[in-house]
Protein chains: 2
Amino acid sequence: MKLATLRDGSRDGQLMVVARDLKTAQLADGIAPTLQAALDDWAFIAPQLEDLSSLLNAGRAGRSFDFDPAQCMAPLPRACQWVDASAYVNHVELVRRARGVEMPASFWEEPLMYQGGSDDFLGAMDDIVLAHEEWGIDFEAEVAVITGDVRMGATPDQALAQVRLVTLVNDVSLRNLIPAELAKGFGFLQSKPATAFAPVAVTPDELGEAWRQAKLHLPLRSTWNGALVGQPQAGEDMVFNFAQLIAHLCKTRNARAGTVVGSGTVSNKDPKRGYSCIAEKRSLETIAGAEPVTEFMRFGDTIRIEMLDKAGKSVFGAIEQTIKRLG
Amino acid sequence: MKLATLRDGSRDGQLMVVARDLKTAQLADGIAPTLQAALDDWAFIAPQLEDLSSLLNAGRAGRSFDFDPAQCMAPLPRACQWVDASAYVNHVELVRRARGVEMPASFWEEPLMYQGGSDDFLGAMDDIVLAHEEWGIDFEAEVAVITGDVRMGATPDQALAQVRLVTLVNDVSLRNLIPAELAKGFGFLQSKPATAFAPVAVTPDELGEAWRQAKLHLPLRSTWNGALVGQPQAGEDMVFNFAQLIAHLCKTRNARAGTVVGSGTVSNKDPKRGYSCIAEKRSLETIAGAEPVTEFMRFGDTIRIEMLDKAGKSVFGAIEQTIKRLG
């Protein structure tokens, strides 16, 4: 099934079930008020949402309305946890090589993962509001999963069983603030402003064959100012799958329902697939021997991130944002 | 007023108002179900909680009961954001000196702050459950504030006006996992297991003269296996106050209601005040020219963290935890 959160002026919005074709939706208000409430009691709530989903897909839901992604908050407008990995190690290696820094071999064996802010997630069509272009505004197109409760010390298989939903992320990054924060060793704080999510999150079964080996095997399309700049296969070159990423997170602690785990920038070794963040393009330019010519985003720039299934239909709806100056 | 959260089997518990002397409490169920709900609508809810607090302190609340810190969850059992600073730069300098690493001068001018996990906070008397002593289990006694909504770009003064509550934290750390995570630059993840909180959070006005200059001017007492090992003044040697810390967090993003901001390990330059984490003690031993002799915590060890007011009364109740092996 497909789930989304309607913007209603409240902090957590209202949970709705969305039809497979993203054309209609219905509030789940008789079942669970919010997505967090559904995740908190998934075994009891999910079957009821599935029933509503079946009715909606059959055109027999009683109170359905046209689905409008512009009215969507992030599926979880605020979450109790957001961690983001760098599972496409190719990307990490390229960026490091461009900086002339060798990448430790351990990066192929143990995931890189940072803890991000989860208090103020952006909806799919919310503006990216920032004070200064000089911070080096970049998008990062990623896949993410939302989990149920995962116990400390869980194996990857145990972790995989707790993947409730899959969605897309724009992990907005401020490139020019990153070097100083990396040097401090304390991770990203100011360099990672609010993160945006696709309008819809879907259960793994909804993805069919495309969800296997704890990876999502579809191309992730990034369109910057109307030009398609990347369509890497998210199922390729992902060195750590979501089961391994969640198990890494849970080595020393529990992860509670509503934890959001990102893949990191999707990146293929084949450069013809394009890029999912500008930093990677600039790294390729640098490695080719020149100064990077592709500049970071400007106020007014747009970014669209979307994933199409084999039939060419949008799976999650599109992230479609504009960079705006803080007013 | 003083607020706490009763463990009732739910994920967020039930909000209660606690008497100033920590002897009685009353559920706030007619006012707000949870502390997060109160923070979400503070201007409307807080005056009603204040009225109940006045009745309770006067012994005239209708449904009061004995307050039992063992029945407390963390004031916010899960939060949308937890960030922790290292505002007592003396501590950072000592730890670095012991490692033979010079501290950048910028650490005196710009706060160090990391994003932590906020999905699974521990109550004041919950066990600290971990798989291996070899990870180097340490406590970190800290002061923390809980905020309302703070806008991106807020000044320290604007940030200060959004400090809703003050409390104590045990930022449990796994010292032997930290060096590898610091080297990656992505911040702490596995090295910071679940964080514990004092049973009670209090409004700044409740602290009187002890809350000034956005710092809490009282000694923070850490008692390890029954021996008092530290009582530094939290108001001294705090290089960045809470207003500056929140403003630092909000440079590139909003912080939403329920954000928890920690001070970092409280540490005074005067070594006679003792220590608020074992790593600092070990650093002092190393600097004195020897191998560190104080070992990290063992299964069965206890840690008590408390703050007394000038009359010797506990302000927040005590964090009182035992280290247990994961079963």
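The values are calculated or read from the model by the stated rules, or taken from the named source; none is laboratory data. Everything numeric here is computed off the predicted structure, so don't read it as measured data. No Cβ is skipped: glycine too gets one built from the backbone with ideal geometry, and neighbour counts run over all protein chains shown. Ligands, DNA and RNA are excluded from the accessible area calculation, which covers all protein heavy atoms including side chains. Shrake-Rupley method; radii C 1.70, N 1.55, O 1.52, S 1.80 Å.
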Sequence-distant lysines (8 or more away, or on other chains) whose Cα lies within less than 22 Å of A:Lys215: A:Lys2, A:Lys251, A:Lys269, A:Lys272, A:Lys310, A:Lys313
Using a Gaussian network model on chain B with a 10 Å cutoff between Cα atoms, which of B:Ser53, B:Ser64, B:Ser173 fluctuates the most? B:Ser64
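Compute for chains A and B the buried accessible surface, both sides summed, probe 1.4 Å, and express it in Å² to the nearest 100.
For chain A against chain B, roughly 4700 Å² becomes buried.
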Any GluC sites (Glu not before Pro) in region A:239-306 that lie in a DSSP loop and have at most 13 other Cβ atoms within 10 Å would be A:Glu295
From phi via Karplus (6.51, -1.76, 1.60), per-residue ³J(HN,Hα) for region A:68-85 in Hz, x at Gly/Pro: 10, x, 5, 8, 8, 7, 4, x, 10, x, 9, 10, 7, 7, 9, 10, 10, 9
Once you keep just the Cα pairs under 8 angstrom separated by 6 or more residues, what percentage relative contact order results for region A:1-47? 28 percent
Enumerate the amide H contacts of B:Phe316 below 5 Å, restricted to partners 5 or more residues apart or on another chain; note that Pro and chain-start residues carry no placed amide H. B:Met307
Quick one: which residues, 5 or more positions from A:Leu218 or on another chain, have an amide H under 5 Å from its amide H? H modelled 1.01 Å from N in the peptide plane, none for Pro or chain starts. A:Ala234, A:Gly235
Selected from A:Gln231, A:Gln71, A:Gln213 as most flexible by GNM, with chain A as the system and alpha-carbon contacts under 10 Å: A:Gln213
Residue by residue through A:106-119, how many Cβ atoms from other chains fall within 10 Å of the Cβ on average? 6
If I build a Gaussian network model for chain B, linking alpha-carbon pairs within less than 10 angstrom, which residue out of B:Ala201, B:Ala32, B:Ala161 has the largest mean-square fluctuation? B:Ala161
Picking from A:Ala279, B:Ile287, B:Ala214, whose Cα lies most toward the positive end of the charge dipole for the protein assembly as shown (charges on Cβ: Lys, Arg +1; Asp, Glu -1)? B:Ile287
Looking at chain A, send over the antiparallel percent of its DSSP beta bridges, to the nearest 5. 85 percent
Please list, in order along region A:302-316, the HN-Hα scalar couplings obtained from phi with the Karplus expression 6.51 cos²θ - 1.76 cosθ + 1.60 (θ = phi - 60°), rounded to whole Hz, x for Gly and Pro. 10, 9, 10, 10, 8, 10, 9, 7, 5, 8, x, 8, 5, 7, 10
Say a label goes 7 Å from Cα toward Cβ at B:Arg212 in every copy; what distances in nm does this one have to the rest, shortest first? 7.0
Shortest first and in nm, the label-point separations between B:Met103 and its counterparts in the other identical copies (7 Å out along Cα→Cβ) come to 3.4
Could you name the aspartates and glutamates in cross-link range of B:Lys281, using Cα to Cα under 15 Å and dropping any fewer than eight places away on the same chain? B:Glu93, B:Asp138, B:Glu140, B:Asp270, B:Glu291, B:Glu295
What residues of region B:165-204 lose no less than 50 Å² of accessible area with every protein chain in place versus their chain by itself (probe 1.4 Å, heavy atoms only)? B:Lys184, B:Gly185, B:Phe186, B:Leu189, B:Gln190
What does the helix-only formula give at 222 nm for chain B: each DSSP H stretch with n ≥ 4 adding -39500 (n - 2.57), the total divided by the residues, and the result rounded to the nearest 500 deg cm²/dmol? -5500 deg cm²/dmol
In chain A, which residue puts its Cβ closest to the axis that turns chain A onto chain B, and how many whole Å away is it? A:Gly187, 1
Convert 10 °C to kelvin, take the viscosity as 1.306 mPa s, use the Kirkwood radius over C-alpha pairs of chain A as Rh, and evaluate the Stokes-Einstein diffusion coefficient in µm²/s, rounded to a whole number. 80 µm²/s
Mean separation of Cα pairs under 8 Å and 6+ residues apart, divided by the residue count of chain A: what relative contact order is that in percent? 23 percent
Å² per residue, accessible surface of region A:2-70 at 1.4 Å: 47 Å²
Protein accessible area in chain A, 1.4 Å probe - carbon and sulfur %: 49 percent
By accessible area (1.4 Å), largest first, A:Ile146, B:Ile287 order as B:Ile287, A:Ile146
Sequence order, region B:153-166: Karplus ³J(HN,Hα) from phi using 6.51 cos²θ - 1.76 cosθ + 1.60, θ = phi - 60°, Hz rounded, Gly and Pro as x, gives x, 4, 7, x, 5, 5, 5, 4, 5, 9, 6, 8, 9, 10
Heavy-atom surface of region B:87-130, accessible at 1.4 Å and reported per residue (Å²): 39 Å²
